[in-house]
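Enquirer: Below you will find the structure I want to go over with you.
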């Protein structure tokens with residue numbers, strides 16, 4: 001018999017790695033930085049997810065990071081979907097490369113932290129952040145100076 005911890009969980013290690021923090025919070029430039037403003041499509045448009053996946057594929061192909069594209073597309077799909085469902089709408093998607101790491105950052109309008117749902121094998125929803133956690137080396141969220149929430153995930157590139 002399997003038992004589950006039914007309590008919602010906030011992401012562990014919610015502080016981004018130093019290199020990512022300096023870019024997101026301090027505004028330092030990054031050589032591999034691509035931004036896609038999803039708000040132009042409509043903050044609740046389901047087509048945003050497919051468009052975000054294509055943006056990831058194109059960007060990582062340009063950067064020569066094709067080998068992590070599938071995992072990055074899955075992570076971005078989950079983060080964009082969560083921003084539409086729970087974050088008051090998706091604002092933008094940002095990809096940042098740093099050495100052997102890739103950061104996927106999705107901005108939304110909410111101040112509510114993302115919560116990892118308790119695992120339920122019969123639930124139709126609630127597995128997205130668990131997938132993000134499984135595919136990334138670290139993930140979390142911060143509130144930016146513009147008062148938007150940035151949910152980030154770092155993958156080994």
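Each value in this text was obtained by applying a stated rule to the coordinates, not by laboratory testing. Quick caveat: nothing in here was measured; it's all calculated off a predicted structure. Note that we place each Cβ from the backbone using ideal geometry, even for glycine, and neighbour counts take in every protein chain shown.
Enquirer: In nm, what is the difference between 0.36 nm times the number of residues separating residue 137 and residue 33 and their Cα-Cα distance? Walk me through the numbers on the way to the answer.
Expert: On the way: separation 104, 0.36 × 104 = 37.44 nm, distance 1.93 nm.
Between residue 137 and residue 33, full extension yields an extra 35.5 nm.
Enquirer: Obtain the nm distance between the two label points defined at residue 85 and residue 100 by a simple spin-label model: each point lies 7 Å from its Cα along the Cα-to-C-beta direction.
Expert: Here the answer is 3.4 nm between the modelled labels.
Enquirer: May I ask for log10 I(q)/I(0) of region 66-157 at q = 0.10, 0.15 Å⁻¹, from a Debye sum over the Cα atoms as equal point scatterers with solvent left out?
Expert: With one equal scatterer per Cα and no solvent, log10 I(q)/I(0) is -0.24, -0.54.
Enquirer: How far is it, in nm, from the label point at residue 54 to the one at residue 156 when both lie 7 Å from their Cα along the line to the Cβ?
Expert: Reported label-point gap for residue 54 and residue 156 is 3.2 nm.
Enquirer: If you don't mind, there's one more thing I want to ask. Peptides 45-54, 25-34, 72-81, 94-103: what's the order by average Cβ count within 10 Å, highest mean first?
Expert: Working: 45-54: 16.7, 25-34: 12.0, 72-81: 22.8, 94-103: 19.4.
The densest-packed peptide leads the list: 72-81, 94-103, 45-54, 25-34.
Enquirer: Okay, next question. For a quick protection proxy, order the peptides 137-143, 150-156 by their average other-Cβ count within 10 Å, most packed first. Show your work: numbers first, answer last.
Expert: On the way: 137-143: 18.6, 150-156: 22.1.
Top of the packing list down: 150-156, 137-143.
Enquirer: May I pose another question? What number, in percent, do you get for the relative contact order of region 30-156 if the mean sequence gap of Cα pairs under 8 Å and at least 6 apart is divided by its residue count? It would help to have the intermediate numbers written out before the result.
Expert: On the way: 229 pairs, mean separation 31.5, N = 127.
After rounding, I find 25 percent.
Enquirer: Right, next: For the residues 66, 108, what sequence is obtained by ranking on other C-beta atoms within 10 Å, fewest first? List each step's numbers first, then the result.
Expert: On the way: 66 11, 108 27.
The fewest-first ordering by Cβ neighbours comes to 66, 108.
Enquirer: Could I ask something else about it? Report the calculated FRET efficiency for residue 109 and residue 70 (r = Cβ-Cβ distance, R0 = 25 Å), to the nearest 0.05.
Expert: Details: r = 29 Å, r/R0 = 1.15.
Once the sixth-power term is evaluated, E becomes 0.30.
Enquirer: Here is a further query. Tell me the label-point distance for the pair residue 118, residue 19, using the 7 Å Cα-to-Cβ offset, in nm and rounded to one decimal.
Expert: Placing both labels 7 Å along Cα→Cβ, they lie 3.9 nm apart.
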